[in-house]
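What follows is a short report on a single structure.
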């Protein structure tokens, strides 16, 4: 019944399906959360209803970067104290943020059942969204892999540091060989110019091409921009504080491109089941 309803909705209005994008990188400090937030806000400015899931469950920083006051977080959802809707906070341009907790080690060591329970909370989500962007933690933990493989598109953020490329390769390798992920979108961040971004992408492509069966796509080159640091100090997004800056313009173009990425007709078979439940919930609600 649920599958039939979801299929009917797709035929009626494909645009109502939810786009799920994971932003990851392997290494910390590559600007992953900045890319996440600014892409989300840029999408919202282009008319999309966007939610950001802070999936760095033990070291929350999405709400901190925007100076938002948070009273409850995802730990309260897992404990059953409240629903996902009740922990959401509203950010710039109406984006919704599901905040993580900070300094809680137990949240970094969730069991597979708890992972699934967190994702399952989305089946009860009442907020209407078009795009869900998942800001993963650094590293290649089970949690990072779970959220990455649950997404339709995986954006891997890299910068021009040997450790960044090494860690990005390790992440791509595990997702490819152990979880059957074949397509990755690459964001070259904090580069001097487009050429440096292309060279960075070429380095990563060469090593993955030799050892892995994957397809990489360079979707953005975001230049190093002092305005990002200024925006962070102001606890605001660069696309709002300095919209004409090089980095803001690059991220705005990335958001425009990401909006156009196609949504699969069928879920990928991982944790994308919650998308099906969201869709079917909307169908059921419209038929009442």
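Quickly run through segment 183-214 and pick out the residues that are surrounded by fewer than 18 Cβ atoms within 10 Å (Cβ to Cβ) and under 22 Å from residue 35 (Cα atoms).
183, 192, 193, 194, 195, 196, 198, 199, 202, 203, 205
I need a count of the residues in segment 144-158 that are surrounded by fewer than 23 Cβ atoms within 10 Å (Cβ to Cβ) and more than 15 Å from residue 181 (Cα to Cα).
0
Show the residue pairs meeting these rules: Cβ distance below 6 Å; 6+ apart or different chains; first residue within segment 53-80 and within 23 Å of residue 140 (Cβ to Cβ); second residue assigned to a loop (DSSP other than H, G, I, E, B) and at pLDDT 85 or above.
Short answer, once both residue conditions are applied: 54/99; 56/137; 60/99.
Given segment 216-288, what helices (runs of 4 or more DSSP H) lie entirely inside it while holding 3 or more residues that are at pLDDT 95 or above?
Result: 226-233, 238-241, 246-259.
Say we look at segment 76-109 and pick out the residues that are assigned to a strand (DSSP E or B) and modelled with pLDDT of 85 or more; which of these is surrounded by the fewest Cβ atoms within 10 Å (Cβ to Cβ)?
90
Which numbered condition in (1) over 19 Å from residue 218 (Cβ atoms); (2) surrounded by fewer than 21 Cβ atoms within 10 Å (Cβ to Cβ); (3) at pLDDT 90 or above is the only one that residue 112 fails?
In the conditions (1) over 19 Å from residue 218 (Cβ atoms); (2) surrounded by fewer than 21 Cβ atoms within 10 Å (Cβ to Cβ); (3) at pLDDT 90 or above, residue 112 misses (3) alone.
Residues in segment 159-181 that are buried (at least 18 other Cβ atoms within 10 Å of the Cβ) and part of a helix (DSSP H, G or I): how many?
Total meeting the criteria: 9.
Residues in segment 51-70: is at least one modelled with pLDDT of 95 or more and assigned to a helix (DSSP H, G or I)?
The answer is no; no qualifying residue exists.
The values are calculated or read from the model by the stated rules, or taken from the named source; none is laboratory data. Please read these numbers as outputs of a predicted model, since none were measured by experiment. Counting neighbours? That spans all protein chains shown, and the Cβs are built from the backbone with ideal geometry, glycine included.
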